[in-house]
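The values are calculated or read from the model by the stated rules, or taken from the named source; none is laboratory data. On a predicted model such as this, the values are computed, not experimentally measured, just so you know. Methodologically, a virtual Cβ is constructed for each residue, glycine included, from the backbone with ideal geometry; neighbour enumeration extends over all protein chains shown. Accessible surface areas use protein heavy atoms only, side chains included; no ligands, DNA or RNA. Shrake-Rupley method; radii C 1.70, N 1.55, O 1.52, S 1.80 Å.
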Amino acid sequence: ETLQRIVSTLAIKNDEIHNFIDMLNHTIKNVQVNSANAISELDEEFDGLYSILDEMKGSMANTIQQEEARKIQALQDQLSQCSNALESSEELLELAAQSLDIKDPVEFLK
């Protein structure tokens, strides 16, 4: 009778251990699924952030390029004006040099 109770208790404990193992396996699967879901959500979030950052990068790069073009155009305009002024100045210098060579006062006044 005592042996029968021991065997019965062992059988009950054996069932409890099997149930506990099943519960642990189920918990492991839930942890794996939850982790996979969390990583998937994290990937989606970062993909969205990367997309936003990439758009911002493009917009900022475009702004910089437009500003560069505007500044270069302004500098090229100044360069053109300086070249024109230099050309006019050289013509004036040439005329002045020619005028200095004129010895006749009447010719000089022309």
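Among the residues making up the stretch 1-46, those that are among the acidic types (Asp, Glu) and surrounded by 10 or more Cβ atoms within 10 Å (Cβ to Cβ) are 15, 16, 22, 41, 43, 44, 45.
Taking first residues from the stretch 2-14 that are in a helix (DSSP H, G or I) and partners that are at pLDDT 95 or above, no Cβ contact under 6 Å between residues at least 6 apart in sequence or on separate chains turns up. If only residues of the stretch 50-80 that are open to solvent by less than 80 Å² (accessible area, probe 1.4 Å) and not hydroxyl-bearing (Ser, Thr, Tyr) are counted, the one that is nearest to the chain's Cα centre (by Cα) is 58.
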